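Chemist: Input: one structure, supplied below.
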Amino acid sequence: MTAFDTQIIIAARPAKVWSVLTDFGKFPEWNPFIRSLGGELIRGTTLTVTIAPPGQSAMTFKSTVLAAEPDRELRWLGTFMGRAMFAGEHYFLLEPVNPGSTRLVHGERFSGLMAPLIMRGQMLAATKQGFAAMNEALKKRAE
């Protein structure tokens, strides 16, 4: 399994960060990594996600919502050729740091037979860069 997470402190309450993070219609205005996201935030429903890692082609895929706890956690699972072949569990955790600030933990766990082949080298580096760019853009938008 390949996994990583990124973190950033945002000078806004978790409710504000959540409202920006879940306003999918405005993603094209500010989000450099997840270019579009559609669907309902209800456990078990399907999301359509388009990501654009820096220097890579945009990719669109279907994911299943695993958790959508307002002001706390958003998590989904995307698969390719079935979970045994490739799966990516993407998550956002919002933790209050002090009154008025939030720690965003943004990460993903990749598993399946193809994960070590797909998530390595340039693709892994581009994905990490995309997460960091999204975090900074989310910070700017929420503050």
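Chemist: Between residue 11 and residue 45, what is 0.36 nm times their sequence separation minus the Cα-Cα distance? Round to one decimal in nm.
Modeler: Details: separation 34, 0.36 × 34 = 12.24 nm, distance 3.11 nm.
Contour length minus the Cα-Cα distance gives 9.1 nm.
Chemist: Using Cα pairs under 8 angstrom and six or more residues apart, how large is the relative contact order of the stretch 13-118, in percent?
Modeler: Working: 212 pairs, mean separation 20.9, N = 106.
That works out to 20 percent.
Chemist: How would you rank 140, 16, going from fewest to most other Cβ atoms within 10 Å of each one's own Cβ? Write down the numbers at each step before the final one.
Modeler: Details: 140 11, 16 18.
Arranged by neighbour count, lowest to highest, 140, 16 become 140, 16.
Chemist: Please report, to one decimal in angstroms, the Kirkwood hydrodynamic radius of the stretch 1-55 built from all distinct Cα-Cα pairs.
Modeler: By the Kirkwood definition, the hydrodynamic radius is 13.2 Å.
Quick note: the coordinates plus some simple rules give every number you see, no bench work behind them. Predicted, not measured: the structure shown is a model, and the values here were computed from it. Reconstructed Cβ throughout: ideal geometry from the backbone, glycine too, with neighbour counts over all protein chains shown.
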